Every structure is written in structure tokens, then in C-alpha cells.
Amino acid sequence: MKQKLFTKDFTLVVLGQIISLFGNAAIRFALPLYLLNLTGSSALYGTVTACAFLPPILLSPIGGMIADRVNKRNVMVVLDFLTAVLILTFSLLMGTLSLVPLLTVTLMLLYGIAGTYQPSVQASIPALVCPEQTMAANSVINTVSSFSSLTGPVLGGLLYSAWGLKPVLWVCTVCFFLSAVMELFIRIPFQRQNLDGGILHTVKNDFSESIRFLRAEKPVIQRGMFVICGINLFLSAMIIVAMPWLITEILDLDAAFANRLYGFAQGALAAGGLAGGILSGIFADRLHVRTSAHILAACALCIFPIGITLLLSDSGILNYLVLTICCFFIMVCSTIFMVQMMTFIQTETPPHLTGKVISLILTVSMCSQPLGNAMYGVLFEAGRGYEYAIVLFSGTVSLMIAVRAQKIFRFT
């Protein structure tokens, strides 16, 4: 008899993710936009968002070790409560301290908590569902993540444009608090692992064991990790920096209207992720990592209409529509790719290594994100008037990465 997917515990994980990720999407939308509106500098925007990615790079391996050695439910509860306190503290300090350092530190802490949090969520999936439902479970988690990311920027953009930053902060604080309370009722199977010596010695051994597994037993996962790094560096970072810069600073749009349009564009990104997650669930039996390179190629091809329209048209609305539509399809394809990759990693990794291996992959792949954010921040500011060339460069390199990925995954 086939085990049902939506058990009580998996359902609570899903509901907790919806609420928590909604708050995460809204706060990550509002804080950088607030900085960009006040300063008008894409270089500063790119630098601050790049700094925000540094803590998860450092903390994600620790999060993986914690996910394998501590009850995953407790990790989720504590980190959601901590996030609620952090946002509340920022809202109280805003206006009394210098904005740029305060906002930078807050974003770094938010991203650091998320980097510690996600390995526990991903590692809990194999413990809550049967093996043949892993792809469907990953599809559900990605779908709710995209749904929250869809509603977060849209509602956050409406709140922000109408009443400013404070209401967004209050809503996000409540979201994280409610998510933490809900997660208290989750039961995730847990088997304690003994510490091998002190904490530092254990961290070193866990990290070494994960690297040894990727290099010796599953080198295809290691090569896939570097493919993700390349996509983060040349495609994802470009979208992250280009979208707010183009919509709010470059395109000929009214400032208040542009902020709302940026919220809708972020919502379109999330809608693409939602569609990709749903499609991954529908076609779970047909998806295989061998086809992932074709998905990446589709992502890269969607970049070119953005650059061509920027080159040929001066219409702010036309450029906005092309940018938003293309980013929607990029997110559809990238979500399907990530569901394929995460399912492959979870099914090919032993249970006692799942959290550590996932965190190692997240850590290495995230290393390219701050570099890409900083690089594109400088490129867009220095190349003002030639944004199309930067976008076309991103698409060309991303397409080359997809071609290389085809060779990597061909025989898996």
C-alpha cells in the first residue's frame, strides 16, 4: 500500500514553510529596495547584497552538521524565533543608527540564519516521506517556497509603496513567530549521533567525510555543484541586481509606480518558481538529472530577449514587460532544474550524510553569489547606457555552462 504524502508532520512542515518563507521573501524584498531608493547606487546595492551572502557561506556547513546531529524540528523552531527577534530589533533601531551599516548587518544575519535553516528542511524530507515520493515532496517544498516568494514581494511592494518600510517589518515579525509556534508540533524521526571528540574535531571530521563522499563515491554530484556555481555567478546574480536597477533607476518610469512594478516583477519570479514546482510534481516520474542540461539551456536562452529589447527599444513599459515575462520562464526552468538536482542528491546520499552533503553543496554554490552580485553591481553602474551588453554577456556565458552540463550528466 502506497504511503500518503501529506502526513500530519509533513503537512506542518509545508505550512510552516509557507508562513516563514512569505516573511523571508517580503523582508528580503523590502530592505534592499529601501537602501536602493535612498542611495540610488547599484554599486552599493550590489556590495551590500554581496555581503549578505557571506554568513550563509560560513554557517551552512554548521547548519548541515546540526541537521544531522540535532532534532531538525528544534533547529527550525529556534531559528524562526530568532529571526522574529532580529526583525523586531531592526525596526526599533531604524532611525537611531546609520542606515547602511545597520541594514548590512541585519541582512547578513537574516541570510546567515537562512543558510543554517535550509539544510534542516531539506534533510528532513527523506525522514518524512518514503523514497519513491522524494521527488514529489521536493516539488511540494519548492512550490510552497515559490508561492510564498510570489505573495511576499507583491504584498510587500504594496505595503512598502503605500506606507513605507515599518508595516512590512511588523508583518514579517508576526510571520516568523507564527511559523515557530506551528513547528513546535512537528515530529521528525531523529537518531542521535555520538560526537567524535570535541565540537571542532567533529565539525572537521563531518566536513572531511562529506568532501570524501563527493570526490570518491559521487563525483557527478561534485561536478553538478560547480555547474550550479557557474549559474549563480553569471545568471542568478545578474537577475538579482538587474531587476531592481533597471526597473527603479534606468527605465523611464515614475518612481512610486516603479516600486510597485518591481514588486510585481518579483512576484512574477516567484510565480515562475511556483509553476516550475507544480510541473516538477506533475512530471516527477519523467524527470531525470540527465535532462537537466536542457533545462539550463532554456534558462540561458530566455536572457537574450531582455538584452535585445534593451538595445532596440526606449519604451520603459515594453522593456519591463519583456524583462518580467522572461524572468518568469527563467524561474520555471531553474526550479525544475533544482528539484531534479536536490532529488538526485537526496536519493544518492546515505541518511547520516544527507544534511552535511546538502549544506556543503549549498555553501560552495553560494560562494559565487556574492561575487556575482558585486560584479554586476559595478558593471551596471559603470556601464550605464550599455545594460543590454551586460545582459547579453550573461546569457552567452550561461548557455556555455549549459552545454558543459550536458556532458556532465549524460551518463547518470
In the chain, taking the dipole from +1 charges on Lys and Arg beta carbons and -1 charges on Asp and Glu beta carbons about the Cα centre, the listed residue (Ile325, Met243, Leu58) farthest towards the positive end is Leu58
Alpha-carbon radius of gyration plus Dmax, which is the widest Cα pair, for the chain in Å: 20.5, 64
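So what is the calculated 222 nm ellipticity per residue for the chain, using -39500 (n - 2.57) for each DSSP H run with n of 4 or more, over all residues, to the nearest 500 deg cm²/dmol? Please report the intermediate quantities before stating the final value.
On the way: 16 runs with 328 residues, N = 412.
Calculated at 222 nm, the ellipticity per residue is -27500 deg cm²/dmol.
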For the stretch 230-275, the fraction of alpha-carbon pairs in successive 5 Å shells from zero, as %: 5, 22, 23, 24, 16, 8, 2, 0
Once you order the gyration tensor axes a ≥ b ≥ c over the Cα atoms, which shape class does the stretch 256-358 get: rounded for a/c under 1.5, otherwise prolate or oblate by comparing a/b with b/c? prolate
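Can you put Met225, Met94, Met338 in order of accessible area, largest first, using a 1.4 Å probe? Walk me through the numbers before you get to the answer.
Details: Met225 10, Met94 40, Met338 70 Å².
Result of the area sort, largest leading: Met338, Met94, Met225.
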Angle in degrees between helix 165-183 and the longest Cα principal axis of the chain, rounded to the nearest 10: 10 degrees
When the chain is treated as a GNM, springs tying every alpha-carbon pair under 10 Å, which of Val75, Val13, Val85 comes out with the largest mean-square fluctuation? Val85
For the chain, report the accessible area per residue in Å² (1.4 Å probe, heavy atoms, rounded to an integer). 42 Å²
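Once you have the Cα-Cα distance between Ala389 and Leu311, take 0.36 nm times their residue separation minus that, and quote the gain in nm to one decimal. Mind showing how you got there, number by number?
Values: separation 78, 0.36 × 78 = 28.08 nm, distance 0.82 nm.
Going from the current span to full extension adds 27.3 nm.
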Relative to the chain, whose Cα atoms define the longest principal axis, helix 8-39 and its Cα axis are tilted in degrees, nearest 10, by 30 degrees
From Cα pairs below 8 angstrom and at least 6 apart in sequence, can you work out the relative contact order of the chain, rounded to a whole percent? 30 percent
Just Gln133, Gln369, Gln266 to compare: in a GNM of the chain, with alpha carbon springs under 10 Å, which one fluctuates most? Gln133
If Glu387, Glu348 are ordered by their accessible area, calculated over protein heavy atoms with a 1.4 Å probe, which sequence runs from highest to lowest? Glu348, Glu387
SASA check, Asp254, accessible area w/ 1.4 Å probe, all protein chains in place, rounded to nearest 10 Å², comes out at 100 Å²
Magnitude of the Cβ-charge dipole (Lys and Arg +1, Asp and Glu -1) of the chain about the Cα centre, nearest 20 debye, reported as 980 debye
Find the relative contact order for the stretch 1-159 and round it to a whole percent, using C-alpha pairs within less than 8 Å whose residues are 6+ positions apart. 45 percent
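Please give the charge dipole size of the stretch 1-159, origin at the Cα centre, charges +1 on K and R Cβ atoms and -1 on D and E Cβ atoms. Round to the nearest 20 debye.
Computed about the Cα centre, the dipole is about 240 debye.
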Does anyone have the angle between helix 54-69 and the longest principal axis of the chain? Alpha-carbon axes, 0 to 90°, nearest 10? 20 degrees
Flagged links, alpha-carbon separation over 19 Å, of Lys218/Lys407; Lys218/Lys356; Lys8/Lys356; Lys4/Lys218: Lys8/Lys356; Lys4/Lys218
For Leu82, Leu165, Leu59, write out the residues from largest to smallest accessible area, computed with a 1.4 angstrom probe and no ligands counted. Leu82, Leu59, Leu165
Once Lys and Arg get +1 and Asp and Glu get -1 on their Cβ, which of Pro126, Leu79, Leu310 lies farthest toward the positive end of the dipole of the chain? Pro126
Where is the GNM fluctuation largest for the chain (alpha-carbon springs, 10 angstrom cutoff): Ala26, Ala382, Ala402? Ala382
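Which loop trypsin sites (Lys or Arg not before Pro) in the stretch 343-407, with loop taken from DSSP, have no more than 13 other Cβ atoms within 10 angstrom of their Cβ? Before the final figure, lay out each step's value.
On the way: sites: Lys356, Arg384, Arg404, Lys407; in loops: Arg384.
Answer by residue number: Arg384.
Within the stretch 304-412, list the chymotrypsin sites (Phe, Trp or Tyr not before Pro) lying in a DSSP loop whose Cβ has at most 10 other Cβ atoms in a 10 Å radius.
Sites meeting the loop and neighbour criteria: Phe411.
For the chain, what % of the accessible area comes from carbon and sulfur atoms, probe 1.4 Å?
On the chain, the fraction of accessible area on carbon and sulfur atoms equals 69 percent.
The values are calculated or read from the model by the stated rules, or taken from the named source; none is laboratory data. Worth saying up front: this structure is predicted, and the values here are computed from it rather than measured. Virtual Cβ from ideal backbone geometry, glycine too; neighbours counted across all protein chains shown. The area values use the complete protein model at the heavy-atom level, side chains included, leaving out ligands, DNA and RNA. Shrake-Rupley method; radii C 1.70, N 1.55, O 1.52, S 1.80 Å.
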